[in-house]
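Below is one structure; the comments refer to it alone.
The values are calculated or read from the model by the stated rules, or taken from the named source; none is laboratory data. Just so it is clear, the structure is predicted and the values come from calculations on it, not from any experiment. FYI the Cβ positions are ideal-geometry reconstructions off the backbone, even for glycines, and counts take in every protein chain you see.
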Amino acid sequence: MTRNIKVKSTHSILVALFGWLILGTYIFYDYTYYGNRTLTHFFSFSDSAETLLHVIILSAFIGAHITAYLINERKKLLNKTNLSKLQIKQSALEWIATFDAIPYSVLLTDKDCKIIRANKHLVNQTGLSLEELTSNRKCHDTFCKNNRPNKKCPLHNKNNTSETSNYDYFDPDLNKSFSESITPVIDEKGSINSYVHVLIDVTDSKEKERKLTESKDAFFNMLTDLDSSYRDLELVHNDLIIALSNIIDAKSSWTRGHSIETTNFATKIAKEMSLDHHEIETLKTAALLHDIGKIGTYDNILDKPDKLDEKERMLIQLHPLRGEEMLSPIKGLGDLLPIIRYHHEKYDGTGYPDGLKGDDIPLLARVLCVADSYDAMISDRPYRAARGTDYAVSELHRCANSHFDPAIVDAFSNVLARSSNADSEIYHKTT
Ligand SMILES: [Fe+2]
């Protein structure tokens, strides 16, 4: 704020006029005596008494103007001082208004934690008057309800308070949580004599944080329960599949254990071919259930020691379609359906039920076909005795490209060769 302070003091004007009055009166007196020679006489120094009088009059004139000048300067100085005081007062009022308008509690303490100043928000928050707050109260007494600063409070160790520090505390009287920011006020000498505290009510955000943590914990517990339930369900599912495969194999004494053995061989081939986890698990379940379509087929056909006639063979060849049909209502087994439907397709397109050829046959169905055929060859059947493993392997190779996918036959040969070597090593160690 600026203000024009070019003012003339009334006293200075009067003093200056007084100087002019003395000088004018004497010149008038001289003029009545000496007429036109007035100025000659005024500056004549022949008579020492008159010279002294003239010096006194001139000094009085000059002195009056100097005095008038000084009076005027003094008044200017006073005006400046008053203006500065006014500006300081106005600034102080603006600062207090700003301080009181802050929507957080703000206080100023000295270095001994005594409250020097508090804003309106703090007065409202505490219910204490400004006079009560600033009447020798300590900040830790008033807010933390302790007779000294808490250990976590930055003012507990004043050496750590050269910068703004934050501190969370709970006011038991207000039942509220606060986040307090404490900033030291450093004077021009670099000393810290006071601190500005800003208190922010964080009760709502703490409550939200607590509820969020509770929700998060509840969610994790639910996930754990869900995971546990899923594992239980998975166990039940696996047990049911095994039970179902046992029912399938129990239809005939000739096929007992066939589904389990086929599954073991298929799994080994799939691992040898580095198929992924999901493919291996799908193949396992499909292998366990691959002959489910045989349920309901007349037992006398399955156990028949003679060659099947055309009608019987056609009936048997329906089992992949019947198996697909039986499992299709179960949504979770959808991936199994093409494996079960196509597990009797041949690589050269002469298989059933659709006569698919080569890579048109789903890969897992081709794997299952090799495992299924191998186990059938090494098992007793009503119409023939079990063939040896060497024979079965040579048959697989002979029928590679016609009945079987040659890459799968190679993979299975590797598995069987390793298994044979391992058996041989065990034999040598034990003999
Ligand atoms: Fe089959």
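Would you call R37 assigned by TED's automatic domain parsing to the domain that holds K85, at pLDDT below 90 and basic (K, R)? Before you say what the answer is, go through the steps one by one.
Working: assigned by TED's automatic domain parsing to the domain that holds K85: yes; at pLDDT below 90: yes; basic (K, R): yes.
Yes; evaluated as a whole, the condition is true for this residue.
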Margin query: Here are the criteria: (1) within 15 Å of the ligand (Cβ to nearest atom); (2) closer than 20 Å to P362 by Cβ; (3) of a type in the set (A, V, I, L, M, F, W, C). Tell me which single one I280 does not satisfy.
Written below: (1)
Notebook entry, point to check: Is there any pair linking a residue in the range 187-203 that is within 13 Å of Y169 (Cα to Cα) to one that is in a loop (DSSP other than H, G, I, E, B), with Cβ under 9 Å and at least six apart or on different chains, and which?
Noted result: V198/I102; V198/Y104; L199/Y104; I200/Y104; D201/Y104; D201/L174; T203/L174; T203/N175
Checklist line | In the range 1-34, residue modelled with the highest pLDDT [restricted to those that are over 60 Å from the mean Cα position of the chain (by Cα) and assigned to a loop (DSSP other than H, G, I, E, B)] | finding: S9
Item checked: Near pairs, Cβ below 6 angstrom, 6+ apart or cross-chain, from the range 364-384 (farther than 13 Å from E395 by Cβ and modelled with pLDDT under 90) to any residue that is within 14 Å of the ligand (Cβ to nearest atom) and of a type in the set (A, V, I, L, M, F, W, C) -> R381/W254; P382/W254
Note to self: Any residue in the range 330-358 that is over 19 Å from L318 (Cα atoms) and outside the structural domain of L368 (by TED's automatic domain parsing) sitting within a Cβ distance under 8 Å of a residue that is among the aliphatic types (A, V, I, L, M) and part of a loop (DSSP other than H, G, I, E, B)? List the pairs, counting only those 6 or more apart or interchain.
What the structure shows: none
Notebook entry, point to check: Of the residues S91, S84, S59, S135, which is outside the structural domain of L14 (by TED's automatic domain parsing) and either under 22 Å from V196 (Cβ atoms) or in a helix (DSSP H, G or I) (or both)?
Noted result: S135
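Yes/no matrix, rows are residues, columns are (1) of a type in the set (G, A, S); (2) closer than 30 Å to R210 by Cβ; (3) in contact with a Pro (Cβ under 8 Å, 6 or more places away or on another chain):
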position: A101; (1), (2), (3): yes, no, no
position: T134; (1), (2), (3): no, no, no
position: K152; (1), (2), (3): no, yes, no
position: S191; (1), (2), (3): yes, no, no
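Each row is one residue, and each column tells you yes or no for (1) modelled with pLDDT of 95 or more; (2) within 15 Å of the ligand (Cβ to nearest atom); (3) under 19 Å from Y374 (Cβ atoms); (4) part of a helix (DSSP H, G or I).
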position	(1), (2), (3), (4)
G296	no, yes, no, no
I301	no, yes, no, yes
G323	no, yes, no, yes
I339	yes, yes, yes, yes
H343	yes, yes, yes, no
G351	yes, yes, yes, no
L356	yes, no, no, no
Next item on the list: Among the residues of the range 359-374, write down those that are of a type outside the set (K, R) and either more than 12 Å from the ligand (Cβ to nearest atom) or outside the structural domain of T262 (by TED's automatic domain parsing) (or both).
Entry: D359, D360, I361, P362, L363, L364, V367, V370, Y374
Margin query: Against the conditions (1) closer than 25 Å to E281 by Cβ; (2) within 14 Å of the ligand (Cβ to nearest atom), where does P329 fall short? Just the number, please.
Written below: (2)
Check: Pairs, please: C-beta under 9 Å, at least 6 apart or cross-chain, first residue charged (D, E, K, R) and in the range 67-89, second surrounded by 13 or more Cβ atoms within 10 Å (Cβ to Cβ) and in a helix (DSSP H, G or I)?
Finding: E73/S12; R74/S12; K75/H11; K75/S12
Notebook entry, point to check: When the residues of the range 367-405 are filtered to those that are out of contact with any Lys or Arg (no Cβ under 8 Å at 6 or more places or on another chain) and assigned to a strand (DSSP E or B), which remaining residue is surrounded by the fewest Cβ atoms within 10 Å (Cβ to Cβ)?
Noted result: R384
